[in-house]
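Data first, discussion second: the structure below is written as structure tokens.
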Amino acid sequence: MTKKEKALLACEALEKIYPDVECSLNFTKPYELMIATRLSAQCTDARVNIVTETLFKKYPTLESFAEADLSELEEVVKPCGFYHTKAKSIKEMANQLINDFGGEIPQTMEELLTISGIGRKTANLLLGDIYGKPSIVTDTHFIRITGRLGLTKNTEPKKVEMDLVKLIPPEISSHFCHQVVQFGRDICKARKPECSQCPCSEFCQYYSKLKKSEKFTPALYREKDGIWEGGSTSHFSPVMIFKLWERFSDSCLEVSESMEVNGKRTFGYDEPIIYKRV
């Protein structure tokens, strides 16, 4: 399977589970997205949204940001971390937009990169979400997941961007990036990816290289007062999970089994089956 074919399969898979996903940063004006994105560096989007709810009320216009008292601005954005740098950058952004671009977000990568605090990731986000232009936003989720899928061997953001531009259809590239972010939060997590729930496992390079012991959990039992109890979870396929639970003694065996496909139970019973020795 080529990388292009694999990329298209990933696009199809994520479209099925995240057809309506949007940017997770809250904004109502284009420049607010620019500011929120600046605050999101080394900070969660959830925390940024809490901060910007107050921030955008205190500074309701681009001009109010440009004229803001720096120490007061720092205090508001402090929960986002690196607040000295971020507050200074926000003031500079506002002034640059007013003085150099008539208060509007530029529509080219070259112009966006001249603005304080804006790199390629932020520029691509603005181009995609504000103007609907093709864009590849290489945040940590995107870099991790495209690497796991085998779509790129690079980890440097710009190189990953250049690799994926060749693979993702431009008309869906911006939306795909948001889908990947949500996918990274829900399923393809950094520390413990939930491969059994993943719609991409069948063509995922990371999953194909997992050792058998990482796909199948051995049955573990503990004994207390002569009664043994335990079970196991087995990934029969990337989307199929079999769960077994047992409790037994010299006189009795209780068994509970279930099968799940794509997170939905297709077989099993709520109450365990009881076998007694006669």
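The values are calculated or read from the model by the stated rules, or taken from the named source; none is laboratory data. Being a predicted model, the structure only gives us computed values, none of them experimental. Neighbour counts are summed over all protein chains in view; Cβ atoms, including those assigned to glycine, are modelled from backbone coordinates with ideal geometry.
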- prompt: Taking region 165-193 on its own, how many of its residues are farther than 20 Å from Pro19 by Cβ and surrounded by fewer than 20 Cβ atoms within 10 Å (Cβ to Cβ)?
  reply: 6
query: How many residues, within region 32-52, are of a type outside the set (Gly, Ala, Ser), more than 17 Å from Glu75 (Cβ to Cβ) and in contact (Cβ under 8 Å) with a residue 40 or more places away in the chain?
result: 4
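In region 247-278, what residues are of a type in the set (D, E, K, R) and not in a strand (DSSP E or B)?
Asp250, Asp270, Glu271, Arg277
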- prompt: Going through region 1-59 one residue at a time, which ones are among the polar types (S, T, N, Q), part of a helix (DSSP H, G or I) and crowded, with 18+ Cβ neighbours inside 10 Å?
  reply: Thr37, Thr52
field: Contacts under 6 angstrom Cβ, first residue in region 260-277 being under 30 Å from Ile17 (Cα atoms) and surrounded by fewer than 10 Cβ atoms within 10 Å (Cβ to Cβ), partner at pLDDT 80 or above and of a type outside the set (A, V, I, L, M, F, W, C), 6 or more apart
entry: none
- line: Condition set out of contact with any strand residue (DSSP E or B) (no Cβ under 6 Å at 6 or more places or on another chain) and in a strand (DSSP E or B), scope region 223-234, selection surrounded by the fewest Cβ atoms within 10 Å (Cβ to Cβ): answer is Lys224
query: Hey, among Ile145, Ile90, Ile136, which residue is buried (at least 21 other Cβ atoms within 10 Å of the Cβ), part of a loop (DSSP other than H, G, I, E, B), touching a residue at least 40 places away in the same chain (Cβ under 8 Å) and under 26 Å from the mean Cα position of the chain (by Cα)?
result: Ile136
query: In region 102-123, which residues are exposed (fewer than 14 other Cβ atoms within 10 Å of the Cβ) and β-branched (Val, Ile, Thr)?
result: Thr108, Thr114
task: Please work out which residue is farthest from the chain's Cα centre (by Cα), limiting yourself to region 2-18 and to residues that are under 18 Å from Cys188 (Cβ atoms) and not hydrophobic (A, V, I, L, M, F, W, C).
output: Lys3
field: Hits in region 148-173 (condition: of a type in the set (D, E, K, R) and not in a loop (DSSP other than H, G, I, E, B))
entry: Arg148, Lys158, Lys159, Glu161, Asp163, Glu171
- prompt: Counting just the residues of region 15-44 that are among the acidic types (Asp, Glu) and touching a helix residue (DSSP H, G or I) at 6+ places or on another chain (Cβ under 8 Å), which one comes out nearest to Thr85 (Cα to Cα)?
  reply: Glu32
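Let's see how each residue does on (1) closer than 30 Å to Lys209 by Cβ; (2) of a type outside the set (Phe, Trp, Tyr); (3) touching a Leu at 6+ places or on another chain (Cβ under 8 Å); (4) at pLDDT 85 or above:
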| position | (1), (2), (3), (4) |
| --- | --- |
| Val239 | yes, yes, no, no |
| Phe242 | yes, no, no, no |
| Phe248 | no, no, no, yes |
| Leu253 | no, yes, no, yes |
| Asn262 | yes, yes, no, no |
| Thr266 | yes, yes, no, yes |
| Tyr269 | no, no, no, no |
| Tyr275 | no, no, yes, yes |
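Residue by residue, here is whether (1) over 27 Å from Ser89 (Cα atoms); (2) of a type in the set (Gly, Ala, Ser) holds:
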position	(1), (2)
Ser116	no, yes
Gly128	no, yes
Gly147	yes, yes
Gly150	yes, yes
Lys158	no, no
Ile168	yes, no
His175	yes, no
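Applying the selection to region 63-84, what residues are hydroxyl-bearing (Ser, Thr, Tyr) and surrounded by 14 or more Cβ atoms within 10 Å (Cβ to Cβ)?
Tyr83
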